[in-house]
Amino acid sequence: MSEAVTRTVTTSPGLLASLDPLLREWLPRQRWFAGKGRPVTGFSPVAATELLPPGGKLGLYHLLVRAHQPVTPVPGAPEPPADCYQLLIGEREALPPRLAPALIGHVTEGPLAGRTVYDALHDPRPGELLLEALRTGARIGALRFERDGAQEIRSALVPRLVTSEQSNSSVVYGDTFILKLLRRVVPGVNPDLELPLALAREDCDRVPAPTAWFHADLAGESYVLGVLQPFVQGAADGWELALRELAKGEDFAAEARALGRATAEVHMALARTLPTVTLGHTQVQHLVDGMVERLEAATQAVPALRPYAPGLRSAFEALAGLAAEGRTWTAQRIHGDLHLGQCLRSPGGRWWLIDFEGEPSKSLAERRMPQPPVRDVAGMLRSFDYAAHSADLPVPGWADACRAAYCAGYAQAGGADPRTDPVLLRAYETDKAIYEVVYEARHRPDWLPVPLSAIHRLAADTGTPAPSLPSSPPAPRRPRP
Ligand SMILES: Nc1ncnc2c1ncn2[C@@H]1O[C@H](COP(=O)(O)OP(=O)(O)O)[C@@H](O)[C@H]1O
Ligand SMILES: [Mg+2]
C-alpha cells in the first residue's frame, strides 16, 4: 500500500498564493482550459490534498481551484461561478529533461520557494498512486475512490499519459485501462460516469463499463474527477478511419451502417433504463425558440449566414408547426456530443461509443435533460459531411452514402429510422450547422465553407429558392469534427 492513501488533506496555507503567478501563465496555455481569450486574474482554492509530502524527491498535490476571469455581465442574471479545474501538481528540486514539457515554473515565494513545479500527470508516479487508490477504494482527504467490485484491477500496471489533443487528460495503464481525468469540474451527477454506468447495468456492450472512479465530496457537493475504464486495444477512432478510407477513395458505408446500429443500441438501452418524457407543443416550442435564438445570434456574428436566415428559420418553424398540429416526440437521455471522433473501432471491427460528457459548454442540468435521440443522429451526419470535405480528393456521394447507411443501420437495430421524421432531423441538423458556422468563423475561418455548404442545402430544403453558393477554396486537411 502506498503512503499516499494514508495521508490526510492539508490546507497548505500559502500554497496557492505561491503558485498563483505561475498558474496564471500556464493554465491558459493548456488545451483543456475552457476560458480561452480572457485573462486569468486570480485563483481561489476549492480543495488541496497532499498526496506525497513536499521537500523530498517528488512532492505531489491534488488541487481543485477556481480560476477567476472577467465576465461580461448579463442583465438580470447572476454572475456565473468561476470555472473549477482539477490539477495534479508535482514539485521537485529540478526537472529531469524528460519532464521538460510538463514544466509549470520555478516557485519564488511561499512554502514551495526554490522548488520546480510541473504537471504531474507526465510523471508515472502520480498515475501509479491514482491507480492504487482506485484499486483499493481509498479515501484521501475529500477524495473518494470507488470501484466496480466485479472487475479486476491488477496492481503495478505502467501508466502513460495520452498526448493527443483532448478536452480532458487521460492516462493509459499498460493497454489495459484508461483513466480519464476531468479537467474542468462541476458539482453534481456527471453524465460521463452516469451514462456508462447505466449502460453497464443494461448489459449494453457498446460502451466500456466503468471499472472505478473518484470524486471529491465538499460541503455536501460531489465533483466527479476521474473515470477508469477498460482500454479498447488497437482501436482507431471513427474520424481517423473515415479519413483513411477517403484518402484511398473508398466508401465508408458498411462502417457507417455498423455505427448506426451501435448508436441505436445505445439509445435503446438508455431509453430502457433512464426516464423518458413526451414532448408536446409547449416543450417543442421551447426547443424551437432556442434554435431560433441561436440562429439570430449567429446571423449577427457571421454576415455570410444572413442570406440563408429565412430558409433556416423555416426549418425550425416547420417543427413548431407539426407540434402545433398535435405531433408529439419522445425525449430520452442521449450521448449529447456524438461525432466520428467519439467512436472507436477495435481491430475485430466492433464499434464503441465513448465520451458521454455532453457539450462541455452547457450546464450539467442542460446536459442531463432528455432530448430527441435524433439530435445525436444529426451530430453524426454532420461529422460524415466534415470528413468528406477534408479529403484531398473528393469522393462523389461519399457523405450521402454514409448518411443513408447510418440511418439504415440505426433502423435495422430497432431504432426509428431518422429519415421517417425529416422535419425533426432537418431542424437538428440546421441547429448543429449553425453552431459550426459560428465556431469556424471564430476559430478556423478556412473551414467556414464546410458548414456553409450544409447551410446552403438545409436552407433550400423548403422549396424556396436559395441564394447561389459562393465558390469556396478547398479546405485544409484534417480538421477535428
Ligand atoms: N476506452 C478507451 N479505449 C481506448 N481509447 C480510448 C478509450 N477512451 C478514450 N480513448 C481515447 O482517448 C481519447 C479521448 O477520450 P475522450 O473520452 O473522448 O476524452 P475527451 O473528453 O478529452 O475528448 C479518445 O479519442 C480515444 O482516442
Ligand atoms: Mg472526446
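Observations, loosely collected:
- From the options Arg375, Arg419, Arg403, Arg426, residue that is away from ligand 1 (no atom under 16 Å from the Cβ), free of Cβ contacts under 8 Å to residues at least 40 places away in the same chain and not hydroxyl-bearing (Ser, Thr, Tyr): Arg419
- The set of residues in the range 236-260 being open to solvent by 40 Å² or more (accessible area, probe 1.4 Å) and of a type outside the set (D, E, K, R) consists of Ala247, Gly249, Ala254.
- Within the range 349-372, if we keep just the residues that are of a type in the set (Asp, Glu) and closer than 26 Å to Phe231 by Cα, the residue that is farthest from ligand 2 (Cβ to nearest atom) turns out to be Glu359.
- Of all residues in the range 108-120 being at pLDDT 95 or above and touching a helix residue (DSSP H, G or I) at 6+ places or on another chain (Cβ under 7 Å), the one that is surrounded by the fewest Cβ atoms within 10 Å (Cβ to Cβ): Asp119
- Elements of type strands (runs of 3 or more DSSP E) contained in the range 49-147, each with 2 or more residues being closer than 28 Å to Asp217 by Cβ: 59-68, 83-92, 116-119, 143-147
- The residue list Val232, Val227, Val207, Val266 contains one member that is in contact with a Leu (Cβ under 7 Å, 6 or more places away or on another chain), assigned to a helix (DSSP H, G or I) and within 16 Å of ligand 2 (Cβ to nearest atom), which is Val266.
- Selected residue (only one of Arg442, Arg419, Arg382 is in a helix (DSSP H, G or I), touching a helix residue (DSSP H, G or I) at 6+ places or on another chain (Cβ under 9 Å) and open to solvent by less than 50 Å² (accessible area, probe 1.4 Å)): Arg382
- Close contacts from the range 136-157, counting a first residue that is free of Cβ contacts under 8 Å to residues at least 40 places away in the same chain and in the same structural domain as Val65 (by TED's automatic domain parsing) and a second that is assigned to a loop (DSSP other than H, G, I, E, B) and exposed (fewer than 14 other Cβ atoms within 10 Å of the Cβ), with Cβ to Cβ under 6 Å and a gap of 6+ residues or different chains, come to Leu157/Gly174.
- Matching residues in the range 335-353 - criterion: being in contact (Cβ under 8 Å) with a residue 40 or more places away in the chain, more than 11 Å from ligand 1 (Cβ to nearest atom) and open to solvent by 10 Å² or more (accessible area, probe 1.4 Å): Gly336, Pro347, Gly349
- Output for the range 206-247, where each listed residue is in contact (Cβ under 8 Å) with a residue 40 or more places away in the chain and on the phi > 0 side of the Ramachandran plot: Gly234
- Residue match in the range 55-63 (condition: open to solvent by less than 20 Å² (accessible area, probe 1.4 Å), modelled with pLDDT of 90 or more and within 18 Å of Ala82 (Cβ to Cβ)): yes
- In summary, Tyr173 fulfils each of the numbered conditions (1) within 16 Å of ligand 2 (Cβ to nearest atom); (2) in contact (Cβ under 8 Å) with a residue 24 or more places away in the chain with the single exception of condition (1).
- Counted residues, the range 301-334 - those being over 19 Å from Leu458 (Cβ atoms) and without any contact (Cβ under 8 Å) to a residue 60 or more places away in the chain: 8
- Leu305 vs. criteria in the same structural domain as Pro451 (by TED's automatic domain parsing), open to solvent by less than 40 Å² (accessible area, probe 1.4 Å) and in contact with a Ser or Thr (Cβ under 7 Å, 6 or more places away or on another chain): yes
- Looking only at the range 154-176, residues that are open to solvent by less than 10 Å² (accessible area, probe 1.4 Å) and either on the phi > 0 side of the Ramachandran plot or of a type in the set (A, V, I, L, M, F, W, C) (or both) come to 2 in all.
The values are calculated or read from the model by the stated rules, or taken from the named source; none is laboratory data. What you see is a predicted model; the values in this text were computed from it and never measured. We place every Cβ from the backbone using ideal geometry, glycine too, and count neighbours over all the protein chains shown. Calculation scope for accessible area: heavy atoms of the full protein, side chains included, ligands and nucleic acids excluded. Shrake-Rupley method; radii C 1.70, N 1.55, O 1.52, S 1.80 Å.
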